[in-house]
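Asks: The structure's right below; bear with me while I get my questions together.
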Amino acid sequence: MLTTKEGLKRQVLSLILSVCVLGLRAETLRYVVIEETGSGSFVANIAKDLGLKAEKLSARQGRLISEGKKQYFQLDRSTGDLLIQEKMDREELCEQIDPCLVPFEILLQNPLQSYRAEVSVYDINDHSPVFLNNEFLLKIPENTMPGHRFLLESAQDLDVGNNSLQNYSIGSNNYFQIYTRDRSDGRKYAELVLEKPLDREEKPEISFILTAVDGGSPPRSGTARVRVLVLENRPEDYLLVSVSATDLDEGINGEISYSIIQSSEENHVQGMDGGGLFAHCKVIVEVLDMNDNAPEVTTTSLTSPIPENSQPGTVVALFHVRDRDSGDNGKVVCSVEDGLPFTIRAVSKHSCSLLTESTLDRERQPEYNITITAHDLGSPSLATAVTITVTISDINDNSPLFNETPYTMYVRENNGPGKKIGKVRAIDSDSAENAKVTYSLLPSEVGDLPALSYISVNSENGNVYALRPMDYEQIRTFQVTVRAADGGTPALSSEVIVRVVIIDANDNAPFILHPLQNSSSSANDLVPRSAEAGYLVTKVVAVDGDSGQNSWLSYRMLKATDPSLFSVGSHNGEIRTTRPLNERDSFKQKLLILVQDNGEPSLSTTATLTLLVVDGFSDTYMQISEVPREEDSTLTLYLIIALAMISLKLSEKCNSACGYFYGDNGFPTTLIDVNGMRTLSQPYQYEVCLTNGSDNREFKFLRPITSSFPTQNSEIDMVRGNDFLNSSHAACQMESVSQERTSACVY
């Protein structure tokens, strides 16, 4: 009783354990072994595949749980290796099932985890094909027609895949050929076909060896003997029936002789005794038909090619069919292969037609080899097959298709006219003229000019050419539409966008915006003698009309009155003092600054600066030649652009955007806005800084000038990296209001 309770308790615990483990299962581990591999062979390292160290696997009491009766594998806890415990026979395990899988579970404790695993057992070629009988006996009448088929018993092979039975062959003979056929389940069977008429008198028995071969390496085979007995046709003097008559007379009068009396209408059997008396009887002999004639098929009409847009039901071919047998042996049924867009239909007792059953597509299948099979209803059935070829003609039902959409082509500016910049290509899956593609450019405009003045496309090969030199500074990218049309009637076409990208060339030297460079007067800046090292004197501002690295500018000092006194920022053009000024420093300092871009090859320009060292801002130090007013619209326009490029901010602190103004004591004084508040009107929101001793009238201010510029529109793109600054015509000039010169700084 205790044992029963103990067993029940274990079953309950096992059930609970199974339920818990099912909820913890992870992804299936899959391994492969070859059947008949010896015991103890290595399969895989379970610990590694589970992401565990071997000692961890051992500590968690890892073990295998088999789903079958036999335990084919074992787990070495010390190493985590999965080993073969018992040699496996794939055919015993799975018979003909492929793949052959042996499942098991890996169970770990603390915490409780279960992992599902399965081993695929690969087949080896360890079985040969086997015939159930060592000899087959076929009895075939000698009047059997060539082409007649006989099914033979199939061989059995327990292996699977390529190791299973693959083909049949027979020994050399003059009468038969063997063909290997496939059943619907994939198995092979042998079909014996009579190739030559039989003649029992010449050869009453034919014998040969039938061989079945598998696909293993090396291949295995099995054999059986085939014996063919040739049966004779009904010969002359063959006994059909016996007739019997009786006569009650005796002697010669009772002796009866028999003969066939042929009248004009029918034949009679006559019995006559010795006395001349006779009697007649009618014997009817019915000749039974045997199926010894295969159907005859003749193609009477064939239409090929047929258009691919032929409607279902279109007649393709007509056939005349005849079987010389009678009854069911002479009834013929015609058929075509499955999977073709054609069907066969009886037209009359001795004719049938081949028709289209579904739509045709020349681009998918341009030609069909169609086998029409005619078989009679005899037993065994005889069949005849004829094969015709039907070609599908093309109609224009496909538009050209471009291999890219859209296209992007690149051309470097200043290119030579006629340069090839790319190629478009479209493919039409039709044939002949319907597939001949021509290319054309659709009308469009690039800026104010037609696209045809910029690029052209070769109508035959799709090559795209630039017709004129491109200027990156004028136009950087544009797109056109190319059409591809086929030669069908009506023509079909498709279109694609072609985007042309101009690549910048380093063809613009840097342009100095500040200080202005002209032949009449050099630029002047004041430097307080009390300036310390690092004092910002002024800034060289330049732009480059190119883009990218072609517009990256660097600054370098070429020449200076005192090279030790000033330095220039290599990236920002700032002119700063490198040491404090002293009494020995010259009153007038001249600097020659080189501005160079980063193009290949690089272009450069120079700027000349005149710096005046002063102790204060009295008239003695302010006697600088007045810069004449020049109505140079270009320079003025560049100045406006420079103001924008160095980010003139409306409310920027004066001490961060302006130079300091110095009083008589050499120290900077308090700086204030005009009128003490930021109330400049919108077009003039530039902060102007004055000393606190100046009143409203003692400064230079900006005002618009319209009479100095032409009225037509103009646009200049000033490029800094990839940023664009578009400016319309505007200008301003400095107008002196007071005799006392007080400098206003704008940064």
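The values are calculated or read from the model by the stated rules, or taken from the named source; none is laboratory data. Because the structure is a prediction, the values reported are computed rather than measured. Cβ: placed from backbone, ideal geometry, glycine included. Neighbour counts: every protein chain shown. Each accessible area value is taken on the protein alone, full model and side chains, heavy atoms only, with ligands, DNA and RNA left out. Shrake-Rupley method; radii C 1.70, N 1.55, O 1.52, S 1.80 Å.
Yes/no per residue for (1) aliphatic (A, V, I, L, M); (2) closer than 22 Å to residue 399 by Cα:
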residue: 478; (1), (2): no, no
residue: 483; (1), (2): no, yes
residue: 491; (1), (2): yes, yes
residue: 494; (1), (2): no, yes
residue: 501; (1), (2): yes, no
residue: 512; (1), (2): yes, no
residue: 515; (1), (2): no, no
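Asks: Among the residues of region 408-425, how many are open to solvent by 60 Å² or more (accessible area, probe 1.4 Å), more than 21 Å from the chain's Cα centre (by Cα) and either without any contact (Cβ under 8 Å) to a residue 60 or more places away in the chain or within 21 Å of residue 497 (Cβ to Cβ) (or both)?
Replies: Qualifying residue count, region 408-425: 5.
Asks: Let me ask another. Tell me, which residue of region 305-322 that is buried (at least 18 other Cβ atoms within 10 Å of the Cβ) and in contact with a Cys (Cβ under 9 Å, 6 or more places away or on another chain) is farthest from residue 364 (Cα to Cα)?
Replies: Restricting to residues being buried (at least 18 other Cβ atoms within 10 Å of the Cβ) and in contact with a Cys (Cβ under 9 Å, 6 or more places away or on another chain), the top hit is 321.
Asks: Do you know which residues across region 239-262 are among the hydroxyl-bearing types (Ser, Thr, Tyr), closer than 14 Å to residue 277 by Cα and either open to solvent by less than 100 Å² (accessible area, probe 1.4 Å) or in a strand (DSSP E or B) (or both)?
Replies: 257, 258, 259
Asks: Strands (runs of 3 or more DSSP E) wholly in region 55-148 with at least 1 residues that are among the hydroxyl-bearing types (Ser, Thr, Tyr) and over 23 Å from residue 189 (Cα atoms) - which ones?
Replies: In region 55-148, the matching strands (runs of 3 or more DSSP E) lie at 63-66, 113-122.
Per-residue answers, yes or no, for (1) farther than 16 Å from residue 526 by Cα; (2) touching a Gly at 6+ places or on another chain (Cβ under 8 Å); (3) at pLDDT 85 or above; (4) not polar (S, T, N, Q):
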{"residue": "583", "(1), (2), (3), (4)": "no, no, yes, yes"}
{"residue": "586", "(1), (2), (3), (4)": "no, no, yes, no"}
{"residue": "591", "(1), (2), (3), (4)": "no, no, yes, yes"}
{"residue": "605", "(1), (2), (3), (4)": "yes, no, yes, no"}
{"residue": "626", "(1), (2), (3), (4)": "no, no, no, yes"}
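Quick grid of which residues meet (1) in contact with a strand residue (DSSP E or B) (Cβ under 6 Å, 6 or more places away or on another chain); (2) modelled with pLDDT under 90; (3) under 30 Å from residue 546 (Cβ atoms):
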| position | (1), (2), (3) |
| --- | --- |
| 493 | yes, no, no |
| 497 | yes, no, yes |
| 501 | yes, no, yes |
| 513 | yes, no, yes |
| 518 | no, yes, yes |
| 528 | yes, no, no |
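Asks: Then there's this: For residue 592, are the conditions met, namely being surrounded by fewer than 20 Cβ atoms within 10 Å (Cβ to Cβ) and more than 30 Å from residue 480 (Cα to Cα)?
Replies: The answer is yes for residue 592.
Asks: Among the residues of region 95-111, what is the count of those that are open to solvent by 20 Å² or more (accessible area, probe 1.4 Å) and either modelled with pLDDT of 90 or more or farther than 14 Å from residue 50 by Cβ (or both)?
Replies: Summing the residues that are open to solvent by 20 Å² or more (accessible area, probe 1.4 Å) and either modelled with pLDDT of 90 or more or farther than 14 Å from residue 50 by Cβ (or both) in region 95-111 gives 8.
Asks: Filtering region 338-365 down to residues that are open to solvent by 20 Å² or more (accessible area, probe 1.4 Å), without any contact (Cβ under 8 Å) to a residue 40 or more places away in the chain and assigned to a loop (DSSP other than H, G, I, E, B), which residue is nearest to residue 144 (Cα to Cα)?
Replies: The residue in question is 350.
Asks: I'm checking my understanding of the structure. Among residues of region 447-471 that are at pLDDT below 90 and over 24 Å from residue 400 (Cβ atoms), which one is nearest to the chain's Cα centre (by Cα)?
Replies: 447
Asks: Let me ask something additional. Do you know which residues across region 396-407 are surrounded by fewer than 16 Cβ atoms within 10 Å (Cβ to Cβ) and in contact with a strand residue (DSSP E or B) (Cβ under 8 Å, 6 or more places away or on another chain)?
Replies: If we filter region 396-407 for residues that are surrounded by fewer than 16 Cβ atoms within 10 Å (Cβ to Cβ), which is where we start, we get 397, 401, 403-406.
Passing the criteria: 401, 403, 404, 405, 406.
Asks: Next question, about the same structure. I'd like to check something: does region 424-432 contain any residue that is outside any loop (DSSP other than H, G, I, E, B) and within 30 Å of residue 547 (Cβ to Cβ)? Can you show your working first?
Replies: In the first step, residues of region 424-432 are kept if they are outside any loop (DSSP other than H, G, I, E, B); the result is 426-427, 432.
Filter again for within 30 Å of residue 547 (Cβ to Cβ), leaving none.
No, every residue in region 424-432 fails to be outside any loop (DSSP other than H, G, I, E, B) and within 30 Å of residue 547 (Cβ to Cβ).
Asks: Return only the number of the condition from (1) assigned to a loop (DSSP other than H, G, I, E, B); (2) buried (at least 17 other Cβ atoms within 10 Å of the Cβ); (3) among the β-branched types (Val, Ile, Thr) that residue 283 does not satisfy.
Replies: Here residue 283 meets the rest and fails (2).
Asks: Does at least one position in region 82-90 carry a residue that is more than 30 Å from residue 60 (Cα to Cα), touching a residue at least 40 places away in the same chain (Cβ under 8 Å), open to solvent by 20 Å² or more (accessible area, probe 1.4 Å) and under 46 Å from the mean Cα position of the chain (by Cα)?
Replies: Yes: one or more hits.
Asks: Can you pull out the residues in region 36-54 that are of a type in the set (Asp, Glu) and outside any loop (DSSP other than H, G, I, E, B)?
Replies: If the condition is that a residue be of a type in the set (Asp, Glu) and outside any loop (DSSP other than H, G, I, E, B), then 49 is the only one that fits.
Asks: Quick check on my filter: what residues within region 538-579 are among the small types (Gly, Ala, Ser) and under 48 Å from the mean Cα position of the chain (by Cα)?
Replies: Correct list: 545, 547, 548, 551, 554.
Asks: Okay, next question. Identify the residue in region 199-229 that is surrounded by fewer than 19 Cβ atoms within 10 Å (Cβ to Cβ) and acidic (Asp, Glu) and, among all such residues, is farthest from residue 160 (Cα to Cα).
Replies: 201
This table checks each residue for (1) over 30 Å from residue 122 (Cα atoms); (2) open to solvent by 90 Å² or more (accessible area, probe 1.4 Å).
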site	(1), (2)
140	yes, no
159	no, no
169	no, no
182	no, yes
187	no, yes
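Asks: What are the residues in region 380-393 that are open to solvent by 30 Å² or more (accessible area, probe 1.4 Å) and either more than 30 Å from residue 292 (Cβ to Cβ) or among the acidic types (Asp, Glu) (or both), if any?
Replies: Filtering region 380-393 for residues open to solvent by 30 Å² or more (accessible area, probe 1.4 Å) gives 380-381, 383-387, 389, 391, 393.
Within region 380-393, 389, 391, 393 meet the criteria.
Asks: Continuing with the same structure: Filter region 339-374 down to the residues that are small (Gly, Ala, Ser) and closer than 24 Å to residue 429 by Cα, then identify the one that is modelled with the lowest pLDDT.
Replies: Within region 339-374, the match that is modelled with the lowest pLDDT is 339.
Asks: Among all residue pairs at least 6 apart or on different chains, which show Cβ distances below 7 Å where the first residue, located in region 176-201, is within 22 Å of residue 382 (Cβ to Cβ) and the second is surrounded by 14 or more Cβ atoms within 10 Å (Cβ to Cβ) and among the small types (Gly, Ala, Ser)?
Replies: 178/169; 178/190; 180/190; 189/154; 190/154
Asks: So how many residues does region 112-136 have that are in contact with a strand residue (DSSP E or B) (Cβ under 6 Å, 6 or more places away or on another chain), buried (at least 19 other Cβ atoms within 10 Å of the Cβ) and either at positive phi or not hydroxyl-bearing (Ser, Thr, Tyr) (or both)?
Replies: 5
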